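Please treat every number below as a calculation from the coordinates, not as lab data. Because the structure is a prediction, the values reported are computed rather than measured. Every residue, glycine among them, receives a Cβ derived from its backbone with ideal geometry; neighbour counts consider all protein chains shown.
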Amino acid sequence: MSVGLRYHFLIFGTQHSNAFLSMISPDKSIQIKLKALLAAWITIIFGTSALFTLTNPITFKTYSNNVFLNFFISTWEIADEIGPIVKISIIIIFAILVSISTNVIKYPQNSIYLVNAVLAILSVVIVLGLLPKAYSRGFGIGLTGIRFDHQTLPIYLIGSALGGLVYSYSLKRQNRKLTHI
């Protein structure tokens, strides 16, 4: 077994990979999953930042009188303020949880959206609960001073659930594109 193939099985598992994935090269399968992880990461970070901008649970600087311009700039600024350790921790934990779930847990294929949404929520809750304040710049305790703040926690949970849904959708869409080529 090649190193790349062993890496694929170790990191991403095989049980719930689409049957089509088993027929394509391991490199293509890894590319598909990495693209889906990137989409999930962008959604978790920037989606949560957009939710913060929309709900405004804490006071943010206004950049422009134009509502749309202010929305995009504020979203970018909030996401940019989140520390790199937070960003990396969330996606690494999510990737590990997805890998474990595909290798260990047997669940119906039609529940993949729910499972990945829950795994994304769990990854954010783990980071919120365990990452020290010194590394939590712009996130959780580093943003509000409270680890599980009642005003921001629902936003983190919704943003992370959206990230899990985007991960599932991205996997299915990329696999569908490959089957129609």
How big is the gap, in Å, between the Cα center of the range 98-176 and the Cα center of the range 26-82? 14
Relative to the compact-globule estimate 2.2 N^0.38 Å (N residues), the Cα gyration radius of the range 59-115 stands at a ratio of 1.77
For the range 130-141, Karplus couplings with θ = phi - 60° (6.51, -1.76, 1.60), whole Hz, Gly/Pro x: 10, 6, x, 4, 4, 9, 9, 4, x, 8, x, 5
Here the gain from full extension of TYR63 to VAL104, 0.36 nm per residue of separation minus their alpha-carbon distance, amounts to 10.0 nm
Rounded to one decimal in nm, the spacing of the 7 Å Cα→Cβ label points at LYS177 and ASN56 is 3.8
